[in-house]
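Student: Take a look at this one; I'll ask things after.
The values are calculated or read from the model by the stated rules, or taken from the named source; none is laboratory data. Note that the structure is predicted; figures quoted are calculated from it, not measured. Surface accessibility is based on the protein's heavy atoms, side chains included, excluding ligands, DNA and RNA. Shrake-Rupley method; radii C 1.70, N 1.55, O 1.52, S 1.80 Å.
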Amino acid sequence: MIVASDTWADFAGTIWAEPTTRWIVYAALVVGLGVGGWRVWRKVRPWLEGISRDLAVVKHEVKNDHKTNFREEQDERHEANAGTLTTIRDDVKLILRTLGEHGYRIGELEHEVENTRDRRPEQ
């Protein structure tokens, strides 16, 4: 039975001593925690659903669904690109050599033109 107590400790000790009131306190705690947990869940659930949708998109993008080994594909592409770059390098070398020859010939022609001007008869 609950009686007037001098302190909160005496009051709590009195309530805790009786099994019926102890179970009432347990029930009140469970209901309070349940209601609090339910309210938190209502607030957090939309946020968690958004994260779940975002993760589903990421999983779809990252999923390993290819049929070949990427390393082997990369090696094959590297060999093909290396061959193409070698061909391009050789073509550029040929073009530069040809330009050098033309530059030399143009220089010779300019020199001839200058010599021809110097030998021109005066009028």
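Student: Of the numbered conditions (1) open to solvent by less than 90 Å² (accessible area, probe 1.4 Å); (2) under 40 Å from the mean Cα position of the chain (by Cα), residue 61 fails exactly one; give the number of that condition.
Tutor: Condition (1) is where residue 61 drops out.
For (1) among the β-branched types (Val, Ile, Thr); (2) at pLDDT 85 or above; (3) open to solvent by 100 Å² or more (accessible area, probe 1.4 Å); (4) assigned to a helix (DSSP H, G or I), each residue gets a yes or a no:
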position	(1), (2), (3), (4)
75	no, yes, no, yes
80	no, yes, no, yes
85	no, yes, yes, yes
90	no, yes, no, yes
100	no, yes, no, yes
104	no, yes, yes, yes
110	no, yes, yes, yes
120	no, no, yes, no
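Student: Right, another one. Output the number of residues of the stretch 18-47 satisfying the condition of being of a type outside the set (Lys, Arg) and open to solvent by 70 Å² or more (accessible area, probe 1.4 Å).
Tutor: Going through the stretch 18-47 one residue at a time, the tally reaches 15.
Student: Could you please let me know if residue 116 is at pLDDT below 85, on the phi < 0 side of the Ramachandran plot and part of a loop (DSSP other than H, G, I, E, B)?
Tutor: For residue 116, the condition - at pLDDT below 85, on the phi < 0 side of the Ramachandran plot and part of a loop (DSSP other than H, G, I, E, B) - is not met.
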